[in-house]
Amino acid sequence: MAVLTEMDGDQRRPAWRFALGAVTILGDMSAHRRNATALDDPKLSVVIPVYNEKATIEEILRRVQDASLRKEVIVVDDCSTDGTRELLEQMATRQSRGEQEIAAQDGGDAVALPELRIFFQTVNQGKGAALRRGFAQATGDIVLVQDADLEYDPRDYGKLLDPILDGRADVVYGSRFLGGPQRVHYFWHYVANKLLTLLSDISTNLKLTDMETCYKVFRREVLQGIQLKSDRFGFEPEITAKIAKGKWRIYEVPISYAGRTYEEGKKITWKDGVQALWCIIRFKFSD
């Protein structure tokens, strides 16, 4: 059994993929050949919508920046009121002075500044509106959605990106229900997620296991052809319906999940579930 390493010519694979653990093991099978739609050394845009996440924003930025790949980190503050906005404003000010890092207020390591691009909403509009702003600013070949809490782990970026890098997929969803390690969910949240995913699958004729997941990754051209309208958590069923209509190639991969409690800052409620149900119906029949 041999391990595929970097090679010259058409079989060269981007070196940073090895840093993410994306190593291909070969047995007696034929050599892996490069797909014509594969991406060589792409730039990644990580879009982070933020609302009242002072306790976690510095740590999630450190974790995202630890990913060894060429990237920009786009942070969109949705008019936070808990001190998050002021923290981000300090980062933006230090960055404008040419500083490379800022001391963290959470007691952890300093936060690196060069990869950050920080934007501020003038009024609170919701996650969907913040993502629209972030997508419009993205310059990468691949766009990845990252929540500002610590429920989703950037160490999963390797498996999320791999189907797109290899040229197999245009869109990748990270599923919490495909076997990855996770903190035990609220039972009724689990039921609601499965029900909404089922109804979305019926509407779109897709076979997803986790439509409501945060981790959604897109080739940039996918988003360029979509007009998003949902301001809040309706973004999830809306984007799913629209990529289904676009006939894009969609993959799901297992991810880890550390769901938090309402006491720890979880924000989604049953009202958002009702809105998601309405969006499934709405975007089945309209754009």
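Observations on the model:
- Flag if residue 67 is surrounded by 12 or more Cβ atoms within 10 Å (Cβ to Cβ) and at pLDDT 50 or above: yes
- Within segment 217-261, the set of residues being touching a Phe, Trp or Tyr at 6+ places or on another chain (Cβ under 9 Å), under 13 Å from residue 173 (Cβ atoms) and either in a loop (DSSP other than H, G, I, E, B) or free of Cβ contacts under 8 Å to residues at least 40 places away in the same chain (or both) comprises 239, 248, 255.
- The conditions of being at negative phi, at pLDDT 95 or above and in contact with an Asp or Glu (Cβ under 7 Å, 6 or more places away or on another chain) are not met by residue 197.
- Residue that is modelled with the highest pLDDT, among those in segment 235-262 that are surrounded by fewer than 18 Cβ atoms within 10 Å (Cβ to Cβ) and of a type in the set (S, T, N, Q): 256
- Within segment 76-106, being assigned to a loop (DSSP other than H, G, I, E, B) and either open to solvent by less than 70 Å² (accessible area, probe 1.4 Å) or in contact with a helix residue (DSSP H, G or I) (Cβ under 6 Å, 6 or more places away or on another chain) (or both) holds for 78, 79, 80, 82, 83, 98, 99, 104, 106.
- Count - residues of segment 165-200 that are open to solvent by 30 Å² or more (accessible area, probe 1.4 Å) and assigned to a helix (DSSP H, G or I): 10
- Test for residue 232: is it buried (at least 16 other Cβ atoms within 10 Å of the Cβ) and modelled with pLDDT of 95 or more: no
- Residues considered: 109, 147. Of these, the only one that is of a type outside the set (Ser, Thr, Tyr), at pLDDT 95 or above, open to solvent by 40 Å² or more (accessible area, probe 1.4 Å) and part of a loop (DSSP other than H, G, I, E, B) is 109.
- Residue selected from segment 201-216 under the condition without any contact (Cβ under 8 Å) to a residue 40 or more places away in the chain and charged (D, E, K, R), by the criterion surrounded by the most Cβ atoms within 10 Å (Cβ to Cβ): 201
- Residue within segment 114-127 that is within 16 Å of the chain's Cα centre (by Cα) and touching a residue at least 60 places away in the same chain (Cβ under 8 Å) present: yes
The values are calculated or read from the model by the stated rules, or taken from the named source; none is laboratory data. Remember, predicted model here, so these are calculated numbers, not experimental data. Here the Cβ is made from the backbone with ideal geometry for all residues, glycine too, and neighbour counts use every protein chain on show. Surface areas here come from the heavy atoms of the whole protein model, side chains and all, with no ligands, DNA or RNA. Shrake-Rupley method; radii C 1.70, N 1.55, O 1.52, S 1.80 Å.
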